[in-house]
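Here is the structure we will look at, set down as structure tokens.
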Amino acid sequence: YNDGRAVYLSRQRVRETVNFQLLAGGFAYYLAYTSLPIALRRLFAATARTARNTGLGVWALDESPDFRLIGPESVGPDGCLVFPKLFRRITDYFKDVTSGAFTGNLADWLRAFKPGENDKVVLNGVELPFSDLIQQRNSRIHLQADLLDMVFMEK
């Protein structure tokens with residue numbers, strides 16, 4: 001409302017929103033923040049999970065759980081499709097690596113070089129830095145949690 005009152009939507013009304021429809025069709029990744037009510041997180045995550053299980057949209061191509069990272073070309077138009085939050089961190093990481101400002105892996109970059117980019121995540125009720133969920137072995141990046149279970153904290 002214009003007067004600042006909260007708007008509460010019924011479950012059916014939420015299902016009619018563009019956000020819900022994008023998730024249901026696999027046209028968008030699910031990304032939740034702690035400010036999103038728990039009931040909506042559950043509904044949106046379940047909707048995205050159904051789209052993923054049936055291989056719809058982005059889920060037919062998503063490689064977020066495990067992919068090869070050699071350079072900036074590893075993700076993006078000619079590379080693999082990954083979770084947008086991870087994609088943004090990777091592109092910034094490679095800017096620092098190619099400029100010579102940083103040497104090391106992605107998780108180390110988040111921890112040591114760009115702590116402001118190391119989002120806090122709630123996973124199964126536990127708060128931890130995003131870097132703790134990224135495992136890198138040589139050129140393989142493994143996301144150690146299901147991205148549909150991650151809830152990001154506002155900065």
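At 1.4 Å probe size, with no ligands or nucleic acids counted, give the accessible surface of residue 95 in Å², nearest ten.
130
Under 8 Å for C-alpha pairs, at least 6 residues apart: give me the relative contact order for the chain, rounded to a whole percent. Present the calculation step by step, with values, prior to reporting the outcome.
Values: 185 pairs, mean separation 37.7, N = 155.
About 24 percent, as a whole number.
Could you work out the relative contact order of the stretch 1-56? I mean the mean sequence separation of Cα pairs under 8 Å and 6+ apart, divided by the number of residues, in percent.
Numbers: 29 pairs, mean separation 20.0, N = 56.
Relative contact order here is 36 percent.
Can you give me the three principal axis dimensions of the chain from its C-alpha atoms, in Å, biggest first?
Extents along the principal axes: 51, 33, 29 Å.
Once both labels are modelled 7 Å past Cα along the beta-carbon direction, what's the residue 91-residue 2 spacing in nm?
3.8
From a point 7 Å beyond the Cα of residue 137 in the direction of its Cβ, which residues of the stretch 94-115 have a backbone N at a distance under 19 Å?
Under 19 Å, as judged by backbone N against the label point of residue 137, lie 105-108 of the stretch 94-115.
How long is the gain from residue 15 to residue 73 if the chain were fully straight, where each residue apart is worth 0.36 nm and the alpha carbon distance is subtracted?
Result for the pair: 17.2 nm of gain on full extension.
Which is the longest run of the chain containing none of the GluC sites (Glu not before Pro) found in DSSP loop states (not H, G, I, E, B) with at most 16 other C-beta atoms within 10 Å?
With a cap of 16 other Cβ atoms within 10 Å, the longest stretch comes to 64-153.
Be a star and scan the stretch 113-133 for residues whose amide nitrogen sits under 17 Å from the point 7 Å along the Cα-to-Cβ vector of residue 35.
Backbone N within reach: 119-122.
Rounded to the nearest 20 Debye, what is the dipole magnitude of the chain about its Cα centre when Lys and Arg each give +1 and Asp and Glu each give -1 at the C-beta?
Its charge dipole is roughly 400 debye.
With a 1.4 Å probe and every protein chain kept in, tell me what percent of the accessible surface of the chain is carbon plus sulfur.
53
Expressed as a rounded percentage, what relative contact order does the stretch 65-155 have, with Cα pairs under 8 Å and six or more residues apart?
Rounded, it is 31 percent for the stretch 65-155.
How many Å² of accessible area per residue for the stretch 3-116, probe 1.4 Å?
58
Given the DSSP H assignment, sum -39500 (n - 2.57) over each helix run of at least 4 residues in the chain and divide by its residue total; what's the result at 222 nm in deg cm²/dmol, nearest 500?
On the way: 4 runs with 43 residues, N = 155.
The helix contribution divided over the chain gives -8500 deg cm²/dmol.
Can you give me the long-range amide H partners of residue 152? Hydrogens built in the peptide plane at 1.01 Å from N, cutoff under 5 Å, separation of 5 or more residues or another chain.
Residues meeting the amide H criterion: 32, 33, 34, 122.
Through the Karplus equation 6.51 cos²θ - 1.76 cosθ + 1.60, θ set to phi - 60°, convert the phi angles of the stretch 60-69 into ³J(HN,Hα) values in whole Hz; use x for Gly and Pro.
Here the 3J(HN,Hα) series is 5, 10, 4, 10, 3, x, 6, 8, 8, 10 Hz.
Got a sec to turn the phi values of the stretch 95-112 into Karplus ³J(HN,Hα) couplings, 6.51 cos²θ - 1.76 cosθ + 1.60 with θ = phi - 60°, whole Hz, x for Gly and Pro?
Once rounded to whole Hz, the list reads 4, 6, 5, 5, 7, x, 6, 8, 10, x, 8, 4, 5, 5, 4, 5, 5, 9.
The values are calculated or read from the model by the stated rules, or taken from the named source; none is laboratory data. This structure is a prediction, so every number in the text was calculated from the model and none was measured. A quick note on method: Cβ atoms are made from the backbone with ideal geometry, for glycine too, and the neighbour counts reach across all protein chains shown. Calculation scope for accessible area: heavy atoms of the full protein, side chains included, ligands and nucleic acids excluded. Shrake-Rupley method; radii C 1.70, N 1.55, O 1.52, S 1.80 Å.
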